[in-house]
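Can you read through this structure? Questions will come right after.
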Amino acid sequence: MNSDLLGAHMSIAGGVDRSLERGASIGCGAIQIFLKNNMQWSGKPYSAGEVARFRERTVPVFAHSTYLINLAATNPVFLRRSIASLVDEVKRAAQLGVPFIVMHPGSHMGAGEEAGLRRVAQSLDAVFAKTSKLPVQIALETTAGQGTNLGYRLEHLAEIFSSVKQPDRLAVCVDTCHVFAAGYDIRTAAGYRKLVRELDRLIGCERVAAFHLNDSKTPLGSRVDRHEHIGKGHIGLAGFQHVLRDRRWRGVPMVLETPKSDDLHEDVENLRILRELR
């Protein structure tokens, strides 16, 4: 078992088990995957062999939901499809033994943040009711706040936690690029400590299930989500050092979502930098 817990998002092209091969080829200690095509509402069933090979994994794997899902959608047809799609993904995660799915809270589409957060909680209640016997959590991801996206303030996530009927089915995924673009200055020790104190006060650090380690192409407070390679963006190396050396996150998987080519050499370099910082 690799206890490193640093890794990257891996493609499932050719079968969900192929993500494990790709991750192993560059020494991932953790992997994030999509459970199906990330731009489709539904996907083909897994084969029995695919599932069996995936369950033989030796590194922790978690999932990211499809980008189509919006649990705050104002269009009732779109909202129903979003709920149904997430229910399907929870079932897929359970089939593979994946413990949680990272998900952007949603976009309020002009309805306002209060209404949007209320709709997200109601939608999660519907998803959890339909998957009550499945041991899969939803890890709400911090966002940059682009457009009408919810989740760019920790208060948004706290409101969802306090509103759902089963808060134990929720966790948090902290994205470094997103929190920085949202205005949390993790470049300095003081700014990082302030973020962690707020996270602990509003939600609880024990609720953090994963990190996305991404630098930011856009400046502090830009509210624009653009991922950059580690140390090449506006966060810089110091911000990642604060995260990597924080003992609170021991045992928490951390993955890259930075741009990459087919040979994954960018992931190799980013992981090398992160391990040196740690």
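Which value at 222 nm does the chain reach when only helices count, each DSSP H run of 4 or more adding -39,500 (n - 2.57), with the total divided by all residues and rounded to the nearest 500 deg cm²/dmol? Walk me through the intermediate numbers first.
Values: 9 runs with 106 residues, N = 278.
About -12000 deg cm²/dmol.
I'd like the Kirkwood hydrodynamic radius of the range 129-278, using the inverse of the mean 1/r over distinct C-alpha pairs, in Å.
Numbers: mean 1/r = 0.0630 Å⁻¹.
One over the average 1/r among Cα pairs gives 15.9 Å for the range 129-278.
Let me ask another. Which one, 14, 183, 145, has the greatest fluctuation when you compute a Gaussian network model over the chain with C-alpha springs under 10 angstrom?
In this elastic network of the chain, the residue with the biggest mean-square fluctuation among 14, 183, 145 is 14.
Same structure, new question: Kindly write out, for the range 127-134 in residue order, the coupling ³J(HN,Hα) from the Karplus curve 6.51 cos²θ - 1.76 cosθ + 1.60 (θ = phi - 60°), rounded to whole Hz, with x marking Gly and Pro.
The phi angles translate into 5, 5, 5, 7, 10, 4, 9, 9 Hz.
Short version: ³J(HN,Hα) in whole Hz for each residue of the range 176-187, in order, from phi by Karplus 6.51 cos²θ - 1.76 cosθ + 1.60 (θ = phi - 60°), x for Gly and Pro, what are they?
Each residue's phi maps through the Karplus curve to give 5, 4, 5, 5, 5, 5, 7, x, 8, 7, 8, 5 Hz.
On to the next question. Taking the solvent-accessible surface of protein heavy atoms with a 1.4 Å probe, what is the per residue accessible area of the range 136-268 in Å²? Intermediate results must be reported in sequence, preceding the final value.
Details: 5470 Å² over 133 residues.
Here the residues of the range 136-268 average 41 Å² of exposed surface.
Pull up the DSSP beta bridges for the range 76-180 and report the antiparallel fraction as a percent, rounded to 5.
On the way: 1 of 9 bridges.
Counting only bridges with both partners in the range 76-180, antiparallel ones make up about 10 percent.
For a quick protection proxy, order the peptides 111-121, 148-158, 35-45, 168-178 by their average other-Cβ count within 10 Å, most packed first.
Numbers: 111-121: 18.5, 148-158: 21.8, 35-45: 14.5, 168-178: 23.4.
Most protected by this proxy first, the peptides run 168-178, 148-158, 111-121, 35-45.
Of 85, 152, 138, which is farthest along the charge dipole of the range 56-154 in the positive direction, counting Lys and Arg as +1 and Asp and Glu as -1 at C-beta?
85
Let me ask another. If you count the DSSP beta bridges with both ends in the chain, what percent of them are antiparallel, to the nearest 5? Write out the running numbers ahead of the final one.
Details: 3 of 29 bridges.
That works out to approximately 10 percent antiparallel.
Then there is this: Placing +1 at every Lys and Arg Cβ and -1 at every Asp and Glu Cβ, with all other atoms neutral, what dipole size does the range 83-188 have around its Cα centre, in debye to the nearest 20?
Values: 10 positive and 11 negative charges, 76 e Å.
Magnitude of the dipole: close to 360 debye.
Specify which residue in the list 235, 111, 256 is farthest towards the positive end of the charge dipole of the chain, using unit charges on the beta carbon of Lys, Arg (+1) and Asp, Glu (-1), about the Cα centre.
111
Continuing with the same structure: For residue 184, list long-range residues whose amide hydrogen, built 1.01 Å from N in the peptide plane, is under 5 Å from its own amide hydrogen.
221
Evaluated at 10 °C with a viscosity of 1.306 mPa s, what Stokes-Einstein diffusion coefficient in µm²/s does the chain have when Rh comes from the Kirkwood expression over alpha-carbon pairs? Could the numbers behind the result be given before it?
On the way: Rh = 18.8 Å.
Result for D is 85 µm²/s.
Divide the volume of the convex hull of the Cα atoms of the range 13-170 by its number of residues and quote the answer in cubic angstrom per residue.
Convex hull of Cα atoms, per residue: 117 Å³.
Hey, another quick one. Projecting each Cα onto the charge dipole of the chain (Lys/Arg +1, Asp/Glu -1 at the beta carbon, about the Cα centre), which of 43, 181, 161 comes out farthest on the positive side?
161
The values are calculated or read from the model by the stated rules, or taken from the named source; none is laboratory data. Remember, it's a predicted structure, so these values are computed and weren't measured experimentally. Reconstructed Cβ throughout: ideal geometry from the backbone, glycine too, with neighbour counts over all protein chains shown. The accessibility values were calculated without ligands, DNA or RNA, using every heavy atom of the protein model including side chains. Shrake-Rupley method; radii C 1.70, N 1.55, O 1.52, S 1.80 Å.
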